[in-house]
Amino acid sequence: MAELAKTSEAVHRDYTGAKIGMWLFLFTEILLFGGLFLVYAVYRTKHQADFHTAAAELSVAIGAANTMILLTSSLTMALAIAAIRRSAKTASIVFQSLTILFAVIFLVNKYFEWGAKIGHGLYPNSPELLAQSHGTILFYGLYYVMTGLHALHVLIGIGLLLTMLILTVRDRITNTDFVKLENSGLYWHLVDIVWIYLFPLLYLIT
Amino acid sequence: MNDKEQNISTGAYIGIWAALIVLTGITVWVAGLHLGNLSTITALAIATVKTTLVLLFFMHLRYEKPLFIIMLFAPIVTLATIIGLTFVDVWFR
């Protein structure tokens, strides 16, 4: 009887449905960030020179480093899912932990980056920023909102991945039941994609 | 949940990752050339190539049912329409 219950449970698992649900959520995320990219694009057309000089102030090195870190975290995330599929639980735990580690390093870099900007008096509504041109004020407003919203997604991702790590350790995520981990991976890769566009647009348009 | 997905080897994942890192390097290099308006277009084109790689391989779209890719067109077309119509207003007002 217990064996039968187990079988029917396996039969009723709907991976396609679960993944479609996750993708629908990701679509709302695309439109959320898409709206910000639209605002950025319009104001950049109107204040091209200001955006160029303001973007030159951002550190390309720290932006590029964070891009590499996020791309690598996407790799370890994909490898964590591949590992659990071959029942390599320990490997999956190592790769999930690495993904979380890279996410934390990303946020530490972001902390120093924002800290340096705020140290120079460049933060929304600061007297120093308000004394600058209209385009510069808009650029920094968008910089803080876009990277801030993205960082919030990274922070939520860390919480999500920690939950998945605990579930994997407790054998709640296994090679026959890993859709939670796969959907968390989809979320994590989307956060990576948003940064793939943010990096050139905010840091490299000089 | 497709069995073909099982066939992606660790090596293939690392290859995709290496391509993404190289493309990031190219983006930084092209931006340093100061090509003006062209640099924005190349930056966005490279970002789109990178996104496609992430979608197809890391997010497994290449191995899912075609429905997933068809669905993805909904937000992309919506966003493109909104951006397109807004720019018609910005440019021709």
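The values are calculated or read from the model by the stated rules, or taken from the named source; none is laboratory data. Keep in mind that what you see is a predicted model, and the values were worked out from it rather than measured. Glycine also receives a Cβ, built like all others from the backbone with ideal geometry; neighbour counts cover every protein chain displayed. The area values use the complete protein model at the heavy-atom level, side chains included, leaving out ligands, DNA and RNA. Shrake-Rupley method; radii C 1.70, N 1.55, O 1.52, S 1.80 Å.
Some points to look at:
- Nearest-20 debye value, segment A:119-206 charge dipole, Cβ charges on Lys, Arg, Asp, Glu: 120
- Of the trypsin sites (Lys or Arg not before Pro) in segment A:76-121, the ones in a loop by DSSP (not H, G, I, E or B) with at most 15 other beta carbons within 10 Å are A:Arg86.
- Interface residues in segment A:46-84 - accessible area drops by 30 Å² or more relative to the isolated chain, probe 1.4 Å: A:Met68, A:Leu71, A:Leu75, A:Ala78, A:Leu79
- Summing Cβ point charges (Lys, Arg +1; Asp, Glu -1) relative to the Cα centre of the protein assembly as shown gives a dipole of roughly 260 debye.
- Using C-alpha pairs under 8 Å with a sequence gap of at least 6, the mean separation divided by the residue count of chain B gives a relative contact order of 31 percent.
- Positive dipole terminus of segment A:127-200, leading residue within A:Ile196, A:Met164, A:Tyr144 (C-beta point charges): A:Met164
- Taking every protein chain into account, the accessible area of segment A:17-203 amounts to 39 square angstrom per residue (probe 1.4 Å).
- Accessible surface of segment A:54-206, 1.4 Å probe: 71 percent of it comes from carbon and sulfur atoms.
- With a cut-off of 15 Å between beta carbons, the residues surrounding A:Ser74 carry a summed charge of -1, where Lys and Arg count +1 and Asp and Glu -1.
- Measuring with a 1.4 angstrom probe and ignoring ligands and nucleic acids, A:Met146 comes out at about 0 Å² accessible.
- Three-way shape call for the protein assembly as shown based on the alpha-carbon gyration tensor, with the a/c threshold at 1.5: prolate
- For the pair A and B, total buried accessible area rounded to nearest 100 Å², probe 1.4 Å: 4000
- Beyond 27 Å in Cα-Cα separation lie the following of the pairs A:Lys180/B:Lys50; A:Lys180/B:Lys65; A:Lys89/A:Lys110; A:Lys19/A:Lys89; A:Lys19/A:Lys110: A:Lys89/A:Lys110; A:Lys19/A:Lys110.
- Highest GNM mean-square fluctuation among B:Thr51, B:Thr78, B:Thr42, for chain B modelled with Cα contacts below 10 Å: B:Thr78.
- For chain B, a/c is not less than 1.5, where a ≥ b ≥ c are the root eigenvalues of the C-alpha gyration tensor, and a/b does not top b/c. That puts it in the oblate class.
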